[in-house]
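S.K.: This is the structure I want to talk about, given as structure tokens.
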Amino acid sequence: MLLKTLVENTSISSSFQHKHGICFYIEVENHKMLFDLGPNDLFIENAKKMNVDLKQIDTVIISHGHVDHAGALQSF
């Protein structure tokens, strides 16, 4: 399993922006998933920097409807 944090409250370097919210990229043998999407399209920018091809996503899981978890659904 591969897990990458695309959006979170902090960042590991100034190369990645951060925002209140969460978005995880999860890759397992047969699936590429996003768990939550964060508050805006920041996950798209960080995914590009981390070589995550969002066109390959086959499953999106939204934990709940708050904007910091599902605000970017339309952007996706």
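S.K.: Could you go through region 10-23 in sequence order and give the Karplus-derived ³J(HN,Hα) for each residue, using 6.51 cos²θ - 1.76 cosθ + 1.60 with θ = phi - 60°, rounded to whole Hz, and x for Gly and Pro?
M.R.: Taking θ as phi minus 60°, the curve returns 10, 9, 7, 7, 6, 6, 10, 7, 10, 7, 4, x, 8, 7 Hz for region 10-23.
S.K.: Along each of its three principal axes, how wide is the spread of alpha-carbon positions in the chain, in whole angstrom units, largest first?
M.R.: Its Cα atoms span 30, 28, 19 Å along the three principal axes.
S.K.: Restricting to Cα pairs below 8 Å that are 6+ residues apart, what does the relative contact order work out to for the chain? Please round to a whole percent. Present the calculation step by step, with values, prior to reporting the outcome.
M.R.: Details: 155 pairs, mean separation 22.3, N = 76.
Answer for the chain is 29 percent.
S.K.: Moving to a separate point now. For region 1-63, run through the GluC sites (Glu not before Pro) and keep only the ones in DSSP coil with at most 16 other Cβ atoms within 10 Å of their Cβ.
M.R.: Within region 1-63, the qualifying GluC sites (Glu not before Pro) (loop, at most 16 other Cβ atoms within 10 Å) are 29.
S.K.: What distance in nm separates the simple spin-label points at residue 51 and residue 63, each placed 7 Å from Cα in the Cβ direction?
M.R.: Result: 2.8 nm between the two label points.
S.K.: Accessible area per residue for the chain in Å², computed with a 1.4 Å probe and the full protein assembly in place, what is it? Please list the in-between numbers first.
M.R.: Working: 4830 Å² over 76 residues.
In whole numbers, the chain has 64 Å² accessible per residue.
S.K.: How about residue 19: which aspartates and glutamates have a C-alpha closer than 17 Å to its C-alpha, ignoring those fewer than 8 places off in the same chain?
M.R.: Answer for residue 19, where 17 Å is the Cα cut-off: 8, 36, 41, 45, 68, listed by chain and number.
S.K.: Here is a follow-up. With all protein chains present, how much of the accessible area of the chain (probe radius 1.4 Å) comes from carbon and sulfur, to the nearest whole percent? Working shown, then result.
M.R.: Working: 2500 of 4830 Å².
Its accessible area is 52 percent carbon and sulfur atoms.
The values are calculated or read from the model by the stated rules, or taken from the named source; none is laboratory data. Just so you know, these numbers come straight off a predicted model, no measurement behind them. A quick note on method: Cβ atoms are made from the backbone with ideal geometry, for glycine too, and the neighbour counts reach across all protein chains shown. When the accessible area is computed, the model is the full protein with side chains, heavy atoms only, and any ligands, DNA or RNA have been set aside. Shrake-Rupley method; radii C 1.70, N 1.55, O 1.52, S 1.80 Å.
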